[in-house]
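Report on one structure; see the data block that follows.
Just so you know, all these numbers are worked out from the coordinates, no wet-lab data involved. None of the values given here were measured: they were computed from a predicted structure.
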Amino acid sequence: MKTSIKALLIVTVCMPMAAWAQDKPVEAVTVIKAAHMIDTIAGKRRDNVMVVVRGTRIEKVGKQSDALPENAHVIDLGDKTIMPGLVDSHTHMTGAPFHGYEALKVSIPRSALYGAKNARITLLAGVTTVRDVGAEGYSDVALRDAINDGDVPGPRMLVAGTALGMTGGHCDSNLLPYGFHYRAEGVADGPWAVRAKVREVIKYGADVIKFCATGGVLSKGDSPGAQQYSYEEMKAIVDEAHLHGRRVAAHAHGTDGIKTAIRAGVDSIEHASILDDEAIKMAKEHGTYFSMDIYNDDYILSEGLKNGMLPESIEKEKAIGLVQRQSFRRAYKAGVKMAFGTDEGVYPHGDNGKQMAKLVEWGMSPMVAIQTATMGSATLLGMQDDIGAITAGRYADIIAVAGDPFKDASEYTRVTFVMKGGEVYKGE
């Protein structure tokens, strides 16, 4: 009697498990074949490769002669070159195609809708992950969540929400006169006030904290080289952010602001335009990343005025653009950690790949340039185990170009195939 009851219990318990096992969805298997693959970990090109993707992640990287998995969907890209999706560490995805006073007419709901459009354009350009470093009204948070929920196509996003800044600084809005009594939502002054602001932006969804350590090019009435925020304020921001597990990006053009932000413990310096030897040495000692938008100068000087940028902004860029590129060359040669950050939203969305040619022009080898735009940015974002390379276990973020990007870096502006998380968005 005891035996029969035991057998009955086993059957009763196991039958639902067996049924569950039969009903469990089978992950789709996709095989990508290509003549060439850029191995960003080994720093070399591999030929005649086959990449097995199961679900959202890469299961295996092998040779085309390897046996195909059962029931695999095969995508043969012929003589194309595949590589990991690009990772842009400095974007403004909800940025409208207007600047200066023209930007005042864009509401927060409208900027969110621009973001939905921009996200698709950016993804199809081969950028599969971005860090968005500032948007009004937490429109970047809404866009990130919409992408994660499958409502709109776009890159994987880490977002800053609203950027922090001092009253009247680069991260404030100085276009309206006194009578409006307006200031940007990220403005806070003093160590305890900036701590409270960090807590606020985290409350409303920020993955990363961004603050302005110096003036900027596209803001009114300040100097890019002038420091904004004291050391005590910067240190309070960094300490509070790190307490809550958030990394910190500091907008900084000027030398003093760069060095103060590094001393305060930021994870990355955005722009890093005016460097001296001490700033470069400090960045190396602290392991601080530089995210330098060295393509932007071309666009601002050629197209800025017609797109609403203020004449004073054009003059600022004339003074700082070449200096930034020279600083980039010196910092890279000195061994400072580099991420790929383009300031997308200043230039038209989807043109991210144009910066790859500038990286090569100003000192990087073609291989180091693609490693910077993949593994470098992935490590800065803390996502180095998930993205940045085509290898087993990481997300299947794979793009392809028809030509040889080692001979012509403009190939990155002509991406022909895009897969993000195992899903194809462009061109089989």
C-alpha center-to-center spacing [segment 70-127, segment 175-191] in angstrom: 30
Rounded to 5, percent antiparallel among DSSP beta bridges of segment 86-380: 5
Violating pairs (Cα-Cα greater than 24 angstrom) within the set Lys220/Lys333; Lys318/Lys354; Lys235/Lys318; Lys203/Lys420; Lys60/Lys407; Lys80/Lys426: Lys220/Lys333; Lys235/Lys318; Lys203/Lys420; Lys60/Lys407
DSSP H segments from the chain that extend 27 Å or more along their own axis, Cα-based, with Kyte-Doolittle mean of -0.5 or above: 2-23
Given (i) 23.7, 93; (ii) 25.9, 92; (iii) 21.2, 67, the label whose value is Rg and Dmax of the Cα atoms in Å derived from this model: (i)
Span from the segment 275-306 Cα centroid across to the segment 334-381 one, whole angstrom: 11
